[in-house]
Amino acid sequence: LGCPLHSLCAAAMENFKLETAPRDKRVPTQNQAKACYMYYNSYHQCKYDFSEEEPQCAKLKQWATSMCPEAWIERWDGQRENGNYAGPVPGETKGAH
């Protein structure tokens, strides 16, 4: 195409590997909402226990963002910030919410 960006993009795409979360036998393949919720919460627990830079935490984040609709993640993140997230919150004692 003669466009220098085209060759840059093509080179970048050669090393690009698109991945999603592995199949989980506990969750049927028709509806991945349960797996989405599980990976989202697992990511936040991992981040609390270790750090966001921990490779396993990064993997959980990738899985959650690939399985969950963006609107859900935005809503849950907002609820976490406001202190009214209904799911498990790392570091919170039982019965605190």
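Taken together, the values in this text are just the output of simple stated rules run on the coordinates, not laboratory data. Bear in mind that the values here come from a model prediction, so they are computed numbers and not experimental data. For neighbour counting, all protein chains shown are included, and Cβ atoms are generated from backbone atoms with ideal geometry for every residue, glycine included.
For the pair residue 74 and residue 17, the difference between a 0.36 nm per residue extended length and the Cα-Cα distance amounts to 18.0 nm. Local charge for residue 20 was computed over the other residues whose Cβ lies under 14 Å away, with Lys and Arg +1 and Asp and Glu -1, and equals +2.
Could you check how many percent of all C-alpha pairs in the stretch 25-72 are farther apart than 16 Å? Please list the in-between numbers first.
Working: 408 of 1128 pairs.
Percent of Cα pairs beyond 16 Å in the stretch 25-72: 36.
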